[in-house]
Amino acid sequence: MSAETYRDDPDSRIANMELVLDEAESKMVEGFNSMIDGTIGAYVDCKDWAKIAEWNFDTVYGGFYRHNDMCNMSLDKTKQKVLDATRDDVGTEITLNKLSSLKFILEAQQLNVRRSQLIVDTLEKKYKEIFGKSYVPVSNRKSATNSNDVNTAEKGMLKSELLKLVK
C-alpha cells in the first residue's frame, strides 16, 4: 500500500498487514531455506558434523516453535477476552471502541500466527528434506547411545581424552 492510499484506521491497517504478509511469504520461505542450507545442510553429509548439524537445527527450530506457541497462546487469550466481553454484554457494558479494539487485536494476532506457523512449517519441511525423516522434538527422541553397547573401558578412555581436551 502506498503512502498516498494508506489510512490509519483498523480495517486499513489489517488489510495492509495482510498485503505485506502475502507479499513476504515466499521470501520468508526462501530465506529460511537458504539459512538452513547454509548453516546446517552443508554439514549433514559429513558423519563427524551430522549430529552437531542436527543439534543446531534443534536450536533454530526450538526458538521459532516457542515463538509460534506464544503467538497461539496470545491469540487464545484474545479469543477468550472476546467471548467474555460479548457474553457479558447486554447492550451497555461494552463500548463500540472496545469491540473495535478486540476485533483489530484478534485479526492482527491471526495474521501473526499465520506468519509464525509458516516459519515452523517451513523448518519442518526443510528438516525432512535434509535429514530424510520427519522432525521429532529432542524430548521425544530415542537416545543416540545405548548404555549396553558402551563398556566401562571405553568410557574411561573417553573421559581421560576429554579431560585432556579441556585442560
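With each label point set 7 Å from Cα along the Cα-Cβ vector, what nm distance links residue 106 and residue 55?
The answer from the label model is 4.6 nm.
Can you work out D for the chain in µm² s⁻¹ from Stokes-Einstein, where Rh is the Kirkwood radius over C-alpha pairs, the temperature is 25 °C and the viscosity is 0.890 mPa s?
On the way: Rh = 20.2 Å.
The diffusion coefficient I find is 121 µm²/s.
Gain in length, residue 25 to residue 92, computed as 0.36 nm per residue apart minus the alpha-carbon separation, to one decimal in nm? Before the final figure, lay out each step's value.
Numbers: separation 67, 0.36 × 67 = 24.12 nm, distance 4.16 nm.
My answer for the length gained is 20.0 nm.
Kindly write out, for region 35-42 in residue order, the coupling ³J(HN,Hα) from the Karplus curve 6.51 cos²θ - 1.76 cosθ + 1.60 (θ = phi - 60°), rounded to whole Hz, with x marking Gly and Pro.
Once rounded to whole Hz, the list reads 4, 5, 4, x, 9, 10, x, 5.
Laboratory data are not the source of any read-out in this text; all were calculated from the coordinates shown. Computed from a prediction, not measured in an experiment: that's the story for all the values here. Here the Cβ is made from the backbone with ideal geometry for all residues, glycine too, and neighbour counts use every protein chain on show.
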